[in-house]
Amino acid sequence: MKKLLYIYNPAAGRKSAKINLSDALEVFTRQGYEITVRPTQARGDAAAGVLELPRERRPVLGYIPAGTTNDFSRTLELPRTLPELAEVAGEGVLRDIDVGLAEGNPFTYVAAFGLFTDVSYSTPQVNKNLLGHFAYVLEGMGKLSNIPSYHMRVSADGGRETEGDFIYGMVGNTVSVGGLVSLPRDKVLLDDGRFEVILIRRPENGKDWQSILTALTTLELAQDGAVTGFAASEITFECGQSTAWTLDGEFGGEQAVTHVKNLPQAITIACGPGSAEKRTASKDGLAGASKSTQPS
């Protein structure tokens, strides 16, 4: 019989994973799995060490989002209802996708610093559960009156270098970050060994803010523009001060120099049927049988 380890966060998403546990287990049972269930008890309990296994021994992963913004689920084009999510987690389209390391710490879809990036891990869980995505917006709005910037030198493979004062930076493999930054699907490939990099320079006045909004809307990202964007496999961020990073919405460490590396096609994950495609898209536009399921 096929085996499935179901790890879930009982506090996530208004406790929806806990409340709807039996619905998910019913689907997995119908799919023929022998199921082991493990609820997390504290932060870090779901760390599974998958990347420490030899490639051929890594289990297929399923993902049932139960959090507040669910950026990763949008990228994987997952359905919305729990029964449908469980169906995909157990028998979805299998894809090998890239994983990132930021100073040795793994992430699946985004590593970021600056504006709003501490909101997801500093917003109290009770606020997330009651207010949903609006909790992030409320928490972030309080920071607009005093926006810090970070003077950084950013270097990447291919000899690319840029330097400046940035209020936000991200390295990602996602079409959405907190519902605030969006990228076109035809520019985001999950398995090509490269990340999208976006850097937002410090605005000095209202005109600069307008330039930032225009750049993020049109994705016309010039090398020295208000918003800089490119694709790369390895990126190093050098700052004159310790900078806090968030990895997939959790605190990811604080240091003056951060090296980010792409691990190509490092894990296999069950995706929605619409994601089986997009291997012919280009990122040039930005340059201008054990199965485990883990909701977050």
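The values are calculated or read from the model by the stated rules, or taken from the named source; none is laboratory data. This is a predicted model, so every value here is computed, not measured. Neighbour counts are summed over all protein chains in view; Cβ atoms, including those assigned to glycine, are modelled from backbone coordinates with ideal geometry. Quick note on the areas: whole protein, heavy atoms, side chains included, nothing else; ligands and nucleic acids left out. Shrake-Rupley method; radii C 1.70, N 1.55, O 1.52, S 1.80 Å.
Computed quantities for the displayed model
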quantity	calculated
Highest to lowest packing among 45-54, 82-91, scored as the average C-beta count within 10 Å	82-91, 45-54
Where the range 229-278 is the region considered: accessible area per residue in Å², 1.4 Å probe	37 Å²
Using a Förster distance of 51 Å, the FRET efficiency for residue 259-residue 26 (Cβ separation, nearest 0.05)	0.70
Within straight-line cross-link reach of residue 2, aspartates and glutamates at Cα separation under 17 Å, skipping those fewer than 8 residues along the same chain	26, 34, 87, 91
Mean Cβ count within 10 Å, highest first, over the residues of peptides 16-23, 101-108	101-108, 16-23
R0 of 25 Å, Cβ-Cβ distance residue 47-residue 218: FRET efficiency to nearest 0.05	0.05
Ratio of Rg to Rh over the range 1-95 (Cα coordinates, Kirkwood Rh, two decimals)	0.94
Pairwise Cα inverse-distance average, inverted: Kirkwood Rh of the range 174-277 (Å)	15.8 Å
Convex hull volume per residue for the range 168-234, taking Cα atoms only, in Å³	88 Å³
Mean projection area, nm², convex hull over Cα of the range 41-99	5.1 nm²
Using a Förster distance of 41 Å, the FRET efficiency for residue 153-residue 81 (Cβ separation, nearest 0.05)	0.30
Carbon + sulfur, % of accessible area of the range 156-218 - ligands and nucleic acids excluded, 1.4 Å	49 percent
Stretchable slack from residue 1 to residue 18, in nm (0.36 nm times residue separation minus alpha-carbon distance)	3.6 nm
